[in-house]
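Chemist: Quick one: the structure is below, and I'll ask about it shortly.
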């Protein structure tokens, strides 16, 4: 037989070693070229990134020239400028936003800060201020207290006192407890909240709250306070009790309201009224 018959099975054909080697060499060259191309692209990207970084870090066009502040109501702008002026002239890309936020939180009214870098040279600051829920008597000083029970700033004539209730005789956990009950009353019954002018904590979990309309302290626990307070005012209307008619009222009982009239009022001394 002079040559391999085309009908002969493939596994009986002689192996073309040279062809296989040529194919392997070709595949190896292609792999090397792909790797080299990838390495070149990575190097180009690294060099471009390094060049951009060096350019942005040193280019005077990105030095901070303007600081925009929004959201301030009670915080003096001069206090904010005193803190932010240290960043004027600093490269925008080098400013650590967390550091700016930390510096601004030193100001008593500021609760949260959002900061945005605006190319090429502006720092935009948005301030969220604390909302006072009460005033606290701390020593000889009146301080605003926020909803978290934090006494954050001294009473200021510029801000004033928009009928905020006063918390007295409280600090730390008791201050937080008084704020919590005020916040809950304000949420459930704004009308009752508007009648409260002073809060004192009573052990272990009660309060003495001064009623503006009755002109007297009301002793109560936090449970069902709004409903019991409205029952107290229903009794006061029925008995025609005006401001100054009672010495105090006690809402701490489950089934009755205790009212102590002032001397000379129409009610008998120590009169007690049951609740429905």
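Chemist: When residue 160 is evaluated against the numbered criteria (1) in a loop (DSSP other than H, G, I, E, B); (2) touching a strand residue (DSSP E or B) at 6+ places or on another chain (Cβ under 7 Å), which criterion, by number, is the only one it fails?
Modeler: (2)
Chemist: Which residue out of 250, 224 is at pLDDT 95 or above and either on the phi > 0 side of the Ramachandran plot or touching a strand residue (DSSP E or B) at 6+ places or on another chain (Cβ under 6 Å) (or both)?
Modeler: One residue alone meets the criteria, 250.
Chemist: Could you please find all residues in the range 179-211 being loosely packed, with under 14 Cβ neighbours inside 10 Å and touching a residue at least 24 places away in the same chain (Cβ under 8 Å)?
Modeler: Listed by number, the residues that qualify are 188, 205.
Chemist: Check every one of the strands (runs of 3 or more DSSP E) wholly within the range 164-263 and list those with 2 or more residues that are farther than 22 Å from residue 144 by Cα and more than 27 Å from the chain's Cα centre (by Cα).
Modeler: Once the strands (runs of 3 or more DSSP E) in the range 164-263 are filtered for at least 2 residues that are farther than 22 Å from residue 144 by Cα and more than 27 Å from the chain's Cα centre (by Cα), what remains is 216-221, 246-250, 256-261.
The values are calculated or read from the model by the stated rules, or taken from the named source; none is laboratory data. Just so we're clear, the structure is a prediction, and the values are computed from it rather than from any experiment. Methodologically, a virtual Cβ is constructed for each residue, glycine included, from the backbone with ideal geometry; neighbour enumeration extends over all protein chains shown.
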